[in-house]
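The values are calculated or read from the model by the stated rules, or taken from the named source; none is laboratory data. Predicted model, so just to flag it, every value in this text is computed and none were measured. Positions of Cβ are generated from backbone atoms using ideal geometry, with glycine treated the same way; all protein chains shown enter the neighbour counts.
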């Protein structure tokens, strides 16, 4: 029994001696394999980490930004309606705020009426230009015809004057001939008178002698016949004088008539010439371009006034349209600073719109990180709100200056107490895609924290 017990005791003590001597070879091998695998994994991931770290520049000083739009009023007016509220989604072209448009409509109606009235005046002024031009042309034709008429009258009067001058010469010749004839007739009277006296004396003497019987009766008859002949000759001579005087008077009258006609012709020439000068003056006056130019200047001034009133109408129309404020983008109402009934001033901010899709990342990299950074480089983006989701993007642009330069009071290091501080420069990064999904499935809001890694090599 003891032997058996001793043997059993030894049999139980042998494994204890094996455990103390070391682990099982199988376990040891498994541990070694696990350790090797872990080391290999660590090496692989370490190499990948080192490779990623040496080819990427990373920062967590980054947030999502968007070009926020401040909705302002272009006119000073009272708010009539507000059709959106804070955090509400809006579409481009959607009506946001309606201002009271009573005054603007009245001003627009007034400006429109003024434009219509002035436009009518401008058209009337332009018609006056055409009327003045037509009237001037008609007057020019009339005055030209009058001038031609007076020129023809002058030519006719000149011809009449020349003819009268010739007739005067003829009439003067007639007067001269009548004068000569009168003188000849007058010269014949004394001779006839002497013959009559002689015949009378002869007759008396013969009658005396016949009564005494000294002469024959036949001699008395002959002396009586001679006396009657002498008396007839004398009477004829006196009659010739009267006829010559009448002819002379008629010739003188004709001469005077021709002289009067010549004088009238000369006077008519002067009248026609004066009327010609007057007609030429009227033609010069009617053909003056200043008449049309003056009317055209008035028409141009009226048209310019129309243009001025149209500008005022455009301003009134614009002010009327400004009473309706629409959303310029698709986005969200981020902050509303206005209430119904409030009178807003021109340029006053009424609300802020946040773009729905046009978001980007502003990553503030240290100046020591941007030496190899270029526009267009790939970027890995992690958004804190979407843990485990990998976003892809690219560098759109790099800031032209550090953030310090854009501060209200930039640092001045001219005192000599200079402490070098690594500056940060904003880099804008645009989203391109997201792994295993669509960007629309992950709403990105300005202000979200992100981590960015730019592939620079």
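You will find that of 325, 354, 329, the residue that is within 37 Å of the chain's Cα centre (by Cα) and part of a strand (DSSP E or B) is 325 and no other. Residue count for the range 220-233 under the criterion of being crowded, with 16+ Cβ neighbours inside 10 Å and either modelled with pLDDT under 80 or under 15 Å from residue 184 (Cβ atoms) (or both): the result is 3. Of the residues 311, 279, 304, 345, the single one that is in contact (Cβ under 8 Å) with a residue 60 or more places away in the chain and not assigned by TED's automatic domain parsing to the domain that holds residue 131 is 345.
Given the residues 404, 413, 364, which is the only one that is in the same structural domain as residue 63 (by TED's automatic domain parsing), modelled with pLDDT under 90 and not in a loop (DSSP other than H, G, I, E, B)?
That would be 404, the only listed residue that is in the same structural domain as residue 63 (by TED's automatic domain parsing), modelled with pLDDT under 90 and not in a loop (DSSP other than H, G, I, E, B).
Residue count for the range 332-351 satisfying the condition of being under 13 Å from residue 91 (Cα atoms) and part of a loop (DSSP other than H, G, I, E, B): 0.
Inspect all residues belonging to the range 112-135 and state whether any of them is without any contact (Cβ under 8 Å) to a residue 60 or more places away in the chain and under 30 Å from residue 256 (Cβ atoms). For the range 112-135, residues without any contact (Cβ under 8 Å) to a residue 60 or more places away in the chain and under 30 Å from residue 256 (Cβ atoms): absent.
The set of residues from the range 64-100 being loosely packed, with under 14 Cβ neighbours inside 10 Å, in a strand (DSSP E or B) and more than 40 Å from the chain's Cα centre (by Cα) comprises just one member, 89.
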